[in-house]
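J.: Would you mind keeping the following structure in view while I ask a few things?
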Amino acid sequence: MRFIITGPPASGKGSVAPFITKEYNILHISTGQMFREEIKKGTALGLELKKILDQGHLVSDELTDEMVRQRLNQDDCKNGFLLDGFPRNINQAKYLDAYLEEKGLKLDFAIALVADKDIIIKRLIGRRVCQTCGKNYNIYFTQPKKEGVCDLCNTKLVKRSDDTLEIAEARLQIYNEETAPILKYYEEKGILLKVDGNLKESYDTFLQIKEKVNAK
Ligand SMILES: [Zn+2]
């Protein structure tokens, strides 16, 4: 199975992804994660990516398309994938279709999470991350037992540098202008699955997705 998952920032894509990849035995490919790994490595590309993302801007189509193409070409994607963070606009959606067609493949479903603005903003600016074990918290929704400290490994929690209100609103606006049009694109192809992204439990979001996949 080949899926893309889209939705405004903090609509729960990353949290629901593991349920989907486990169910369909496929790989989770997150462009955000790919970018952060590159930044962590401190390469020239990483520095360029950090500058773009810190300003709340989008990475260019050329750069993103190329990183995604190289990733999808690897053997571990043969059984399928869940693409998260890509495509972010119509051009990238067309690029993905052309890439798959060239390989004699096609996208099975485009999952679109839909969430309310106030929930999205709180999820974004309230997010705190444990850099040791990777567990995510939120000061509005899922607080750790002891303030500012990870429940699992006792590490001090950090706020990511791009989780500010200003950047959150900029990202939301960019989503609405640039990315939201791909919903119509996939709807016309008959593969769009619209899902409620406001739910607290990611597993419940997953159940909605599974039900819709089975119904098709
Ligand atoms: Zn931890």
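The values are calculated or read from the model by the stated rules, or taken from the named source; none is laboratory data. Note that this is a predicted model, so its numbers are computed, not measured. A quick note on method: Cβ atoms are made from the backbone with ideal geometry, for glycine too, and the neighbour counts reach across all protein chains shown. All accessible areas refer to the heavy atoms of the entire protein, side chains included, with ligands and DNA or RNA removed. Shrake-Rupley method; radii C 1.70, N 1.55, O 1.52, S 1.80 Å.
J.: State which residue pairs qualify: first residue closer than 16 Å to Ala112 by Cα and assigned by TED's automatic domain parsing to the domain that holds Phe86 and inside segment 166-192, second residue of a type in the set (Gly, Ala, Ser) and outside any helix (DSSP H, G or I) in any location, beta carbons under 7 Å apart, and separation of 6 or more residues or different chains.
T.: So the pair list comes out as Leu183/Ala112; Tyr186/Ala110; Ile191/Ala110; Leu192/Ala110; Leu192/Ala112.
J.: Quickly run through segment 167-216 and pick out the residues that are β-branched (Val, Ile, Thr) and closer than 16 Å to Gly7 by Cα. Let's see the steps before the verdict.
T.: Residues of segment 167-216 β-branched (Val, Ile, Thr): 167, 174, 179, 182, 191, 195, 205, 209, 213.
Of everything in segment 167-216, those that are β-branched (Val, Ile, Thr) and closer than 16 Å to Gly7 by Cα turn out to be Ile174, Thr179, Ile182, Ile191, Val195, Thr205, Ile209.
J.: Of these, Asn176, Asn198, which one is open to solvent by less than 50 Å² (accessible area, probe 1.4 Å) and more than 16 Å from the ligand (Cβ to nearest atom)? Give the derivation first.
T.: Working: Asn176 fails: open to solvent by less than 50 Å² (accessible area, probe 1.4 Å).
Criteria check complete, one pass: Asn198.
J.: Here's another thing I want to ask about it. Of all the helices (runs of 4 or more DSSP H) wholly in segment 1-103, which have at least 3 residues that are of a type outside the set (Ser, Thr, Tyr) and free of Cβ contacts under 8 Å to residues at least 60 places away in the same chain?
T.: Working: elements: 13-24, 31-41, 44-54, 61-72, 90-102.
Where helices (runs of 4 or more DSSP H) fall fully within segment 1-103 and carry at least 3 residues being of a type outside the set (Ser, Thr, Tyr) and free of Cβ contacts under 8 Å to residues at least 60 places away in the same chain, they are 31-41, 44-54, 61-72, 90-102.
J.: Which of the numbered conditions does Cys133 fail, given that it passes all the others? Conditions: (1) among the hydrophobic types (A, V, I, L, M, F, W, C); (2) in the same structural domain as Glu23 (by TED's automatic domain parsing); (3) surrounded by fewer than 17 Cβ atoms within 10 Å (Cβ to Cβ).
T.: Cys133 satisfies all of (1) among the hydrophobic types (A, V, I, L, M, F, W, C); (2) in the same structural domain as Glu23 (by TED's automatic domain parsing); (3) surrounded by fewer than 17 Cβ atoms within 10 Å (Cβ to Cβ) except (2).
J.: Mind telling me which of the residues Lys156, Lys117 ends up being closer than 25 Å to Leu53 by Cα, loosely packed, with under 13 Cβ neighbours inside 10 Å, within 14 Å of the ligand (Cβ to nearest atom) and not polar (S, T, N, Q)? Show your work before the answer.
T.: Working: Lys117 fails: within 14 Å of the ligand (Cβ to nearest atom).
Result of the check over Lys156, Lys117: Lys156.
J.: Here is a follow-up. For segment 83-97, indicate whether the set of residues that are at pLDDT below 95 and over 19 Å from Gln33 (Cα atoms) is non-empty.
T.: No.
J.: I need a count of the residues in segment 136-145 that are open to solvent by 80 Å² or more (accessible area, probe 1.4 Å) and either away from the ligand (no atom under 14 Å from the Cβ) or of a type outside the set (D, E, K, R) (or both).
T.: Taking segment 136-145 first, the residues open to solvent by 80 Å² or more (accessible area, probe 1.4 Å) are 136, 140-141, 143, 145.
Cutting the leftovers down to either away from the ligand (no atom under 14 Å from the Cβ) or of a type outside the set (D, E, K, R) (or both) gives us 136, 140-141, 143.
Matching residues across segment 136-145 total 4.
J.: Can you tell me which residues in segment 163-173 are surrounded by 14 or more Cβ atoms within 10 Å (Cβ to Cβ) and not β-branched (Val, Ile, Thr)? If you could, list the steps in order and put the result at the bottom.
T.: Residues of segment 163-173 that are surrounded by 14 or more Cβ atoms within 10 Å (Cβ to Cβ), as a first pass: 163-164, 167-172.
Selection gives Asp163, Ala168, Glu169, Ala170, Arg171, Leu172.
J.: Within segment 201-216, take every residue that is open to solvent by 50 Å² or more (accessible area, probe 1.4 Å) and either assigned to a loop (DSSP other than H, G, I, E, B) or among the aromatic types (Phe, Trp, Tyr) (or both) and give me the one that is farthest from Gln143 (Cα to Cα). Spell out how you get there, then give the answer.
T.: Our first condition is that a residue be open to solvent by 50 Å² or more (accessible area, probe 1.4 Å); within segment 201-216, this holds for 201, 203-204, 207, 210-212, 214-216.
With either assigned to a loop (DSSP other than H, G, I, E, B) or among the aromatic types (Phe, Trp, Tyr) (or both) added as a condition, the list becomes 201, 203, 216.
Working: Glu201: 15, Tyr203: 19, Lys216: 38 Å.
Among those residues, the one meeting the criterion is Lys216.
J.: Checking the conditions here, which among Leu58, Leu63 is modelled with pLDDT under 90, under 25 Å from Ala112 (Cβ atoms) and out of contact with any strand residue (DSSP E or B) (no Cβ under 7 Å at 6 or more places or on another chain)?
T.: Details: Leu63 fails: modelled with pLDDT under 90.
After applying the criteria, what remains is Leu58.
J.: Could you tell me whether Gly148 is within 16 Å of the ligand (Cβ to nearest atom) and open to solvent by less than 70 Å² (accessible area, probe 1.4 Å)? Quick ask: steps written out before the conclusion?
T.: On the way: within 16 Å of the ligand (Cβ to nearest atom): yes; open to solvent by less than 70 Å² (accessible area, probe 1.4 Å): yes.
So Gly148 passes the test.
J.: Right, here's the next one. So, Leu183, is that one surrounded by 15 or more Cβ atoms within 10 Å (Cβ to Cβ) and at negative phi or not? Steps first, please.
T.: Details: surrounded by 15 or more Cβ atoms within 10 Å (Cβ to Cβ): yes; at negative phi: yes.
Judged against the criteria, Leu183 is a match.
J.: While we're on this one: Only one residue in Leu83, Leu100, Leu105 is more than 16 Å from the ligand (Cβ to nearest atom), under 16 Å from the mean Cα position of the chain (by Cα) and not small (Gly, Ala, Ser). Which one? Working first, answer last.
T.: Numbers: Leu100 fails: under 16 Å from the mean Cα position of the chain (by Cα); Leu105 fails: under 16 Å from the mean Cα position of the chain (by Cα).
Being more than 16 Å from the ligand (Cβ to nearest atom), under 16 Å from the mean Cα position of the chain (by Cα) and not small (Gly, Ala, Ser) holds for just one of Leu83, Leu100, Leu105, which is Leu83.
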